Amino acid sequence: MLAVTDLTKSFRTPEGEALEVVRVPEFSLGAGEQLAMRGESGSGKTTFLNLIAGILAPDGGAVRIDGTEMSALSEPKRDRLRAEKLGYIFQTFNLLQGYTVLENVVLGMSFGPRGADRGHAREVLERVGLGHRLRHFPGQLSTGQQQRVAVARALANRPRLVLADEPTGNLDRAHAREALGLIREVCREHAAALLLVSHDEETLAQFDRRREFAEINVALQEGRR
Amino acid sequence: MTLALIVYRSLRQHALSTLVTAAGLALAGGLLMCVWMVKTQSQAAFTQSTTGFDAVLGARGSKLQLVLNAIFHLEASAGNIAAADAEAVRRHPMIKTAIPIAVGDNLRGFRLVGTVPELFTTVEYAPGRKFVVAAGGRVFAADQREALAGSFAAQRLRLKVGDKFRPFHGLAFDPKAEHADDFTVVGILAPTNTPADRVVWIPLRGLQTMSGHDPKMATDLSAVLLQLRTPAGGFMLDTMYNKQGNRLTLAYPIGAIVAELFGKIAWFDRVLALVAYLVALVAAASVLASIYNSMAARRRDLAILRALGARRRTIFGAVFAEAACIGALGAAAGFAVYFGLFAGVANLIRAQTGVVLDLGAGHPVLWICPAALIALCALGGIVPAWKAYRTPVAETLAPLS
């Protein structure tokens, strides 16, 4: 499902030096697989997810999603692939504040193969327990409800791979457990692979398969950061 | 649908700046269309408002003043002409109709014009159109102290058949300058949409022999309105009166003389048009500024859309379309401004001159101006759209970990 080979990414520091943030020689994730990756804040996990999602261009290496190599694609095709095959759940949810709950999900779908299917968006929102909040704006929802909208938006297009970046970071314990359970359950229902990164031990403990980000990111092992 | 939703939501989110910018555009568009339409229509109306006459013969002086006084019932008379001169021109073989008029009095600000009943019985004020007296009235008798009121004058003065009035001396209303003569309204003219609507018509002799007027001038006239048999007659008379004579002036052709007036005041509508162009440019620049300034606030939204799979060109198109939509809103509201302004100006022109401008008339400027406004705004949207196009997604969404 996901295969990463020799992926590298550096940023330039204010002093003008190149700082290598990501160097992952090899990483893979099978279809429907759920993996939790532990990494400290500032370890480059978000950059790694952004590279997989194609919203950040790597300096080198390859990301292959469902057999298609991201880096070989033009930017519009990468955008298309992201819309079709990927769901991204952000730590800060990144909901569009000026849009209703339903519109957030519909917009998330509209760039993918399903198009703006309002009926399906409603179904997904009902599935995450927000059928009664369709016309609400994100600011009118609790944090836990906003997280559910983010989950619904990420999964509405039936993605093959869901990337979750500290998805429970902004929730209290009870809501975090609930949100995580929901993400995992809906991913299973949609047969989507899930790659979750977090530094929260309780979140990580709920996964059978866990890995240390430092294990796969050579840049961290070599202490270059 | 997606693009429409993004544009709609963005306009809603920035509703105040959208409305202020659209209002500026509406003012610019409305002003521009109004200036253009009033200029075009009034020029056409004035040059065509000859009330059925080809030429005017009057005292030596300005042709324009003669036309304004005799045809449009504006301005003071350039002077009087003798009855013998009027009779001479009437008998000229090139003259088909000669209608003498005399001015010098008013009824509460509305001009009293003395003339002969033939004006209302034989002359066509427009091709195929003769004056019509409203039901219950008739044309005055030449030897009676009777009056026939133009429709607009009758409406404003609340005149009806059977009413009696006393004229006031001079062209401007002075309550102390009342004549002692009583006139009876015997008819109201149906609207003609010509300057004749603003006049209270009385018999020529009635005006000439009004109490208080100099008896020595009792046969003098202000002008003679002429219909020619052929256009060549106009040039012949022009030579005779204007080039070879030195006592009288022949204003011919009337349309060309009025067009000269518009030529003289062309600078004024050029200034107005320039102001409107500048307002339009400033309004378009304000679209650019308002969207550009809001880019910082909407960068995150744009980055989220990109992260969800929106292409750069979609983002560019959304901002570009938003600018064009603000232009379209402004252009649509501009029609309201245009109709309001035009109606006001048209009323003023009608009240002052009797010339009627048509609010419902079409003109290419009515689509060129809104289209240009939308295009200008869309053009103004290119810079912020380009900025949106270049929004770095990962950097905008979260700080690097």
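Peptide B:306-318 has a mean of 6 when you count, residue by residue, the C-beta atoms of other protein chains within 10 Å of its C-beta.
Between the helical axis of A:118-127 and the dominant principal axis of chain A, each derived from Cα atoms, what acute angle in degrees is found, rounded to the nearest 10? For helix A:118-127, the angle is close to 80 degrees.
Over all distinct Cα-Cα pairs of the protein assembly as shown, the Kirkwood formula returns a hydrodynamic radius of 31.0 Å. Summing Cβ point charges (Lys, Arg +1; Asp, Glu -1) relative to the Cα centre of the protein assembly as shown gives a dipole of roughly 800 debye.
Positive end of the charge dipole of the protein assembly as shown (Lys, Arg +1 and Asp, Glu -1 on Cβ, about the Cα centre): tell me which of B:305, A:54, A:221 has its Cα farthest that way. Projecting each Cα onto the dipole axis, the largest value belongs to B:305. Counting other Cβ atoms within 10 Å as a rough exposure proxy, the listed residues B:300, B:198 run B:300, B:198 from fewest neighbours to most. For the residues of A:104-110, the average number of beta carbons from a partner chain within 10 Å of their own beta carbon is 5.
Got a sec? Which residues in the range A:43-62 would a label at residue A:5 touch, if it sits 7 Å along Cα→Cβ and we count backbone N under 13 Å? What the label zone holds, given the 13 Å backbone N cut-off, is A:61-62. Remark: the residue B:274-residue B:160 segment gains 36.4 nm on full extension, using 0.36 nm per residue and subtracting the alpha carbon distance.
Each residue of the range B:19-30 was assigned a 3J(HN,Hα) from its phi angle through the Karplus curve 6.51 cos²θ - 1.76 cosθ + 1.60 (θ = phi - 60°); the sequence is 5, 5, 5, 5, 5, x, 5, 4, 5, 5, x, x Hz, with glycine and proline shown as x. Semi-axes of the equivalent ellipsoid of the range B:55-252 are 27, 19, 14 Å, computed as sqrt(5λ) over the eigenvalues of the C-alpha gyration tensor in descending order. Modelled spin-label separation between residue B:132 and residue A:72, with each label point placed 7 Å from Cα along the Cα-to-Cβ direction: 8.5 nm. The alpha-carbon of residue B:387 sits under 19 angstrom from the alpha-carbons of these aspartates and glutamates, leaving out residues fewer than 8 places away in its chain: A:75, A:79, B:301, B:322, B:395. Using only side-chain charges placed at the Cβ, +1 for Lys and Arg and -1 for Asp and Glu, the dipole size of the range B:55-252 relative to its Cα centre rounds to 320 debye.
I want to make sure I understand the PRE zone here: with the label point 7 angstrom from the Cα of residue A:173 toward its beta carbon, which residues in the range A:180-221 have backbone N atoms less than 19 Å away? Those under the cut-off are A:180-182, A:199-207.
Give me the one-decimal nm value for the distance between modelled label points at residue B:84 and residue B:229, 7 Å along each residue's Cα-to-Cβ direction. Taking the simple label geometry, residue B:84 and residue B:229 are separated by 2.5 nm. Helix A:101-110 and the longest principal axis of the Cα set of chain A meet at an angle near 50°. Of the residues B:16, B:365, B:159, the one whose Cα sits farthest towards the positive end of the charge dipole of chain B is B:16 (charges of +1 on Lys and Arg Cβ, -1 on Asp and Glu Cβ, taken about the Cα centre). For chain A, a Gaussian network of Cα nodes joined below 10 Å ranks A:157, A:104, A:94 by mean-square fluctuation, and the top entry is A:94.
I need the calculated FRET efficiency for the pair residue A:201 and residue B:12, taking r as the beta carbon distance and R₀ as 45 Å, to the nearest 0.05.
Numbers: r = 43 Å, r/R0 = 0.96.
Here the calculated transfer efficiency is 0.55.
Would you please give the FRET efficiency between residue B:174 and residue B:375, computed as 1/(1 + (r/R0)^6) with r the Cβ-Cβ distance and R0 = 51 Å, to the nearest 0.05? Efficiency for this residue pair is about 0.40.
In terms of the mean number of neighbouring beta-carbon atoms within 10 Å, the peptides B:207-218, A:50-61 order highest first as A:50-61, B:207-218.
Considering only B:16, B:221, B:288, the Gaussian network model of chain B with Cα springs below 10 Å gives its largest mean-square fluctuation to B:16.
Here the calculated FRET efficiency for residue A:64 and residue B:260, from their Cβ-Cβ distance with R0 = 56 Å, stands at 0.10, rounded to the nearest 0.05.
In this structure, the pairs whose alpha-carbon distance is over 20 Å, taken from B:39/B:130; B:39/B:264; B:130/B:164, are B:39/B:130; B:130/B:164.
Bear in mind these aren't lab numbers, they're just calculated from the coordinates by the rules spelled out. Owing to the predicted nature of the structure, the values given are computational and were not obtained by experimental measurement. Cβ sites come from the backbone with ideal geometry, for glycine too, and all protein chains shown count toward neighbours.
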